[in-house]
Amino acid sequence: MGCVSSKEGELAGVPPAGKEFTDLNNYDAQGVLSVYLTGGPLTAKDYKERLVSSEGTQTVFMPQSGYTIRYAFVSQRGYYPDAPNKANQDSFCVHTYFGGDAEQCLFGVFDGHGEYGTQASQFAKDKVPENLMNNTHFAVSPEIAYHQAMVLSNNQLHRSDIDDSMSGTTAIAVLVRGRTAYVANVGDSRAVLAERHGDKVVAQDLSYDQTPFRRDECERVKRCGARVLTLDQLEGIKDPNVESWGTEEEDDGDPPRLWAPNATYPGTAFTRSIGDNAAERIGVFAEPEVVTKQLSAQHPFIVIASDGVFEFLSSQSVVDMVTKFEDPQEACLSVVAESYRLWLQHETRTDDITMIVIQFQGLEDEAPQMALPTPSGAALDYSTRAVPSMAGMALRRLPTTRLAAIEAPAVSVEELQSELRRLQQRKAATAAAVAVAQSPGGAAAAAAAAAAAGTGAAAEGGAGEQGEGEGAGQGLRTPDELRLLAGATSGNFLFSSMTDGERADVFTLFERYPVKAGDVVVRQAEPGDYFYVVEGGQYDVFVQAGLDPPLLVHTYSSASGQPASFGELALLYNKPRAATVMARTDGCLYRLHRSAFRSVVAAGGAPSATVRTLRSVEVLQCLSMTQLTRLAELMDEVVFEDGSYVIRQGEEGRDFFVITAGEVSCTVKKNLANQEEQAKEVLRLYAGQYFGERALLTSAKRAANVVASGRVTLLAISRARFEAVFGPLQDVIDAEAAWKEAVAMQREVLSRKTMASGLQVAQAQFSLEELSARGLLSSTDCSALMLMEHKASEEVYTVRVTSVADVASLGKQPVVMRSRDVTRSLEPSFFVPGVLKSFKDNRVLAEVLMTVGLCTLDCLMVPLPFDEASAMYIAASVVLGLEHLHWSGVIYRGLSVHSVVVTEGGQVQLVDFRFARRNEGRAFTLCGNPEYLAPEVVEGRGHTESADLWALGVLIYCLMSGETPFASSGDDELRIYRRIVSRSLAFPPHFSPAARDLLERLLQHDPANRLGGQGPASLRALKRHPWFAAMNWDALLEHRYLPPPGIRERIYNFEGVAYAHFDPRSYEGDMSWANNF
């Protein structure tokens, strides 16, 4: 039954309530229906009884846009001679004032099929609008919201009481928001826009039928394992190896259908739908194609209809018929009646037929906009399938991730310091040119110096960001320039935490950049490298969606009194620009390159010579690079003159020393009581060496004298100061020893499990041919975490697979090999699964893990977040995983609810190593999920394993609230980063005081003050926090801790991840980079 709101309800969001449907018995018998009701198996009365219609034509006014929508709908139950009482499987919805917004209307048609098609279409009719309105992206990006709403509705239908194994529904929805129409299509229903071209009204399809007639869809489902055959081919009447069908218009009644391998089901004639669980295994998924269209005075109406209308009528025919009627209700009745007539002319039955006409009145064109070049780059793709060669992987995810994980190009300390030296040389050369110019007769020399200073700038300057033009060089800033740059950056979070010295250095690195009217400064979809400050002129900002004309959304100007700036995200990483910026007038900008900016904020990031020395001290081997760096910062410089005693034999040991310049002599007396005995030199130590390290452990008496040989400079720290920061060194040593014992225990247990599993893994062979895909846990742009079954043993494994072709096309070879080096170095753990086997060919690089994942955390956060007991258990497991990684010298950087895996037994495990790296000092690459990034990562100042503790705080907050603490609906990266840097933190009222205190201490802006962030040994303090008071850490570590009921119940009710077909393409290029995989 076609419903508007519910099975028996009123129009959804269409006040006032009144008579539900049009009484067609009282409809004018000489009107539009009488023409078509002659002949056929149905009497006029029968025909009318099968119709459901709107209460005449309805009207909605769009107050801000200043135009009126008039709409009507008609749905006719199909005629089936063998089942005359078969229910109408079409459903539809109309929501005016959608989401309480007078500028929004939602219209949808859902065409059910299969035994439970009616229930499926009604389910989708209710759920799609609900999920769309509740989606966090809806306000800013309806396209993404459409995608996630359709996919979520599909997953909800799978989990409902409706048997959708062989039943489902197509879906076509039109959201009218102001003067923009957003169309989402799943299946073969259709939306058509009427467009005036002179005296003609032309049909413009806003959706494209997703059927095997489409070459792209046909190839996609084939890659997912589908056989595409007509019924004649399936029955052997026609050759199954010859594509016997033409176009959809040439369909002879035997269209191509989808069949499972070696089976005669499901036989769907479409390639996308909501439901159809069995067909999902061969690529029939619910991901919509979304089209955005700007409405104008040239667009009189939109038609939405099920395929019952378009079986025998073209889009243009429908538009021609609707154009003849001023009343949308009459137009609907006319088209439905004609469709019915044509069905009976060609068939002995009719399909269900549903149609909505949306008419626009008073829609006037807006003011014309500037012509603008079309942005280069691919169109936006909102599919969850980020891996082109992994088509067919259906994700069952909670749509809480607002932004995809990012990974900027890797940045090394050496590169940053080299860039800083280069820029400082240019700065010095420019300053020299100024000085020469101010001297008598120095003009010629000044010109030469300025030319030398500007060489680099000339090479980099230019129009836009391609380096063409006359970009002016850097140099000393005038007071006016400094005021301009200070005003433009005063409210910018990237500059707010800088010292005055850093800010002054950055200001000298801005380039003056003249532009002409019409110059494109920034181009949409191209990677950004520069941040711009406006000195003079006007600059228009345009955004283009699809093939529509660019829209002017903003104008930057220096005339506003407040210095304008744009493009600051480019200072963080080279994300494609979201808009095009074009100069409206001649003007001048100042621009700052990302490498120049980061070279200043990252100055001094390389491990010092002192840190390198400390790494060689035996008693300090238990300290991480973070702790060694901190230790070097704590040491005080002291100077001893020739012959001065630094240490005297027999004294109580209190201080530890590192030699930075000069040398010392170590002497020993056999009998300290003998005043006449001369001390004998036993050792000489030089710069870069150390002595007195045992004093950090004990106050035992010194075994030798240490005497300055000439002037010597030392770095020194007392045991008292060391312990004030790191705690007793013996405690750190004991903590490391305890971790090593735990690793040995886990290694033994995991080894026994492996040997008892029935498969001698050490002797097993793994390749793609010997594995069958069973499900998808998560995916990225070039890799996926999959459940795979070993065909010979029928054992199921979690396999981390990476597409070689995608890695090569994205240039991520170093990233993949860095991740592999990390996983190869790790000991196996209950919380960080080890790698059983790895294999590679010219299609994939794969690692078989020592675990069987059930799902990621976000899959269990439906419909509500976790209670505190469950969140505490998950967080404690993550802490043990991070502890294992940090003791192993690894920074993880991959925490989020979408990357942490849960097993069927409730174990929580860290498996995503895309962003992991060895802890070799501060890291500078911006990577990870934007909502989980620590302030020091965003600011580019360098980060350590302490960033993982910030991410832990964000994770705990999300587990208990369902949202991350620094992101709101519709936020882009910049808004999130501003909140992270400013630490705008608020707690939901249901958080306990202990939880709030823990999060306050984890989400500290200064990494040195972050609980558990001062090296792996400091995680002991985190474990002792009151929020973890109920946790038995030993039982959890030994795999004896039962997951809380809140987790066990969700695992029990979880139906499993979606089936995944995996058939990556081969790569024929150079694979030498993967030799060590």
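We did not get these values from a lab; they are worked out from the coordinates using the rules stated. What you see is a predicted model; the values in this text were computed from it and never measured. Here the Cβ is made from the backbone with ideal geometry for all residues, glycine too, and neighbour counts use every protein chain on show.
Miscellaneous remarks
- Under 9 Å, Cβ to Cβ, from LEU157 - net charge with Lys/Arg +1 and Asp/Glu -1: +1
- Using the Karplus relation 6.51 cos²θ - 1.76 cosθ + 1.60 with θ = phi - 60°, the per-residue 3J(HN,Hα) values for segment 102-118 come to 5, 9, 10, 9, 10, 10, x, 10, 10, 9, x, 8, x, 4, 10, x, 4 Hz, with x marking Gly and Pro.
- For segment 523-582: rounded, prolate or oblate by the Cα gyration tensor [a/c cutoff 1.5]: oblate
- Cα-based reach from LYS238 at 19 Å (exclusive), listing aspartates and glutamates while leaving out same-chain residues under 8 positions away: GLU248, GLU250, ASP251, ASP252, ASP254
- For CYS855, the residues 5 or more places off, or on other chains, whose built amide H falls under 5 Å of its own are VAL902.
- Between the alpha-carbon centres of segment 999-1077 and segment 636-670 there is a gap of 46 Å.
- If you sort the three axes of the alpha carbon gyration tensor as a ≥ b ≥ c, you get a/c of 1.5 or more for segment 211-269 and a/b no higher than b/c, which makes it oblate.
- Across segment 131-146, computed HN-Hα scalar couplings (Karplus, 6.51 cos²θ - 1.76 cosθ + 1.60, θ = phi - 60°) run 5, 5, 5, 8, 6, 5, 8, 4, 5, 9, 9, x, 4, 5, 4, 4 Hz from first to last residue, x flagging Gly and Pro.
- Cut-off under 5 Å, modelled amide H: who pairs with ALA578 long-range: ALA525
- Long-range HN-HN contacts of TRP245 with modeled amide H, under 5 Å: none
- Taking all Cα pairs closer than 8 Å and separated by 6 or more residues, the relative contact order of segment 495-570 comes to 28 percent.
- Working note: Karplus 6.51/-1.76/1.60 with θ = phi - 60° gives segment 69-79 the couplings 9, 10, 9, 8, 9, 9, 9, 10, 5, x, 10 Hz, where Gly and Pro are set to x.
- Relative packing of 211-221, 705-715, which averages over residues the other C-beta atoms within 10 Å, highest first: 705-715, 211-221
- In this label model, VAL682 and SER982 are separated by 6.3 nm, measuring between points 7 Å along each Cα→Cβ vector.
- Cross-link pairs LYS791/LYS812; LYS48/LYS86; LYS680/LYS701 - those with Cα-Cα distance over 20 Å: LYS791/LYS812
- Taking a ≥ b ≥ c as the square roots of the eigenvalues of the alpha-carbon gyration tensor, segment 733-849 is classed oblate because a/c is 1.5 or more while a/b is no larger than b/c.
- Between segment 823-873 and segment 503-569, the alpha-carbon centres lie 43 Å apart.
- Distance violations [Cα-Cα > 31 Å] among LYS293/LYS575; LYS45/LYS324; LYS127/LYS200; LYS200/LYS293: LYS127/LYS200
- Ranked by how many other beta carbons lie within 10 Å on average, peptides 719-730, 666-677, 876-887, 779-790 from highest: 876-887, 779-790, 719-730, 666-677
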